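None of the figures in this text is laboratory data; all of them are computed from the coordinates on show. Because the structure is predicted, anything quoted here is derived from the model rather than measured. Because the Cβ atoms are built from the backbone with ideal geometry, glycine has one as well, and the counts that use them run over all protein chains shown.
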Amino acid sequence: MASKNIKRLIGYFLYIVVFITILVKAMDWERYFKLFILNDYNSYPLMIFQSFFPVVMGSLLALPGVLNKTRKPGSWKLDWVMLAAIGAPTLYTAIIPVLFFSPISKFLPIKTQLLTQSWTPQIICGVVAGYVLLSCFDKEK
């Protein structure tokens, strides 16, 4: 029993080390993209990074739960209700800055309301979308 808890402790510790390492590296990448804007006047790479990085972090937050699910017996199933009701709207909100400058921009609803306030909705929705994208898969007996 104690060795199982020690293994879990070490696993979570390694998970946090990887999580923090990715977070620190992301700050370096963001700084690089901001310098890139100053030299090239092209903000699109930074927008892509700021839109998709929260999704990656949300996926990393869901990773321990997904790894626990892989150990359970059964076949995989997709919770499409969670994916459609939570995943799709939050992913849309997270990547709206990238979509705004794409050719399909004129067909997108509520784009200006989401872009004029702040980055906070995009960040929160990106984390939620990343979490939902992984956690909507479950095993069924």
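If you line up the long axis of helix 88-100 against the longest principal axis of the chain, both from Cα atoms, how many degrees apart are they, to the nearest 10? For helix 88-100, the angle is close to 30 degrees. For LYS25, a cut-off of 24 angstrom between C-alpha atoms picks up these lysines, skipping any fewer than 8 places away in its own chain: LYS34.
Taking all Cα-Cα distances within the chain, those exceeding 24 Å account for 45%. For the chain, excluding the exposed loop sites themselves (chymotrypsin sites (Phe, Trp or Tyr not before Pro), DSSP loop, at most 15 other Cβ atoms within 10 Å), the longest remaining stretch covers 42-100. The trypsin sites (Lys or Arg not before Pro) of the stretch 65-102 that meet both conditions, a loop assignment by DSSP and at most 13 other Cβ atoms within 10 Å of the site Cβ, are ARG71. Would you work out which of TRP80, VAL128, PHE33 lies farthest towards the positive end of the dipole of the chain, given +1 charges on the beta-carbon of Lys and Arg and -1 on that of Asp and Glu, about the Cα centre? The residue sitting most towards the positive pole is TRP80. If R0 equals 41 Å, the separation of the Cβ atoms of MET82 and ASP40 corresponds to a calculated FRET efficiency of about 0.55.
When the helix-only estimate is applied to the chain (DSSP H runs of n ≥ 4, each -39,500 (n - 2.57), divided by the residue count), what is the mean residue ellipticity at 222 nm, nearest 500 deg cm²/dmol? Could you put the intermediate results ahead of the total?
Working: 5 runs with 100 residues, N = 141.
Value at 222 nm, helices only, nearest 500: -24500 deg cm²/dmol.
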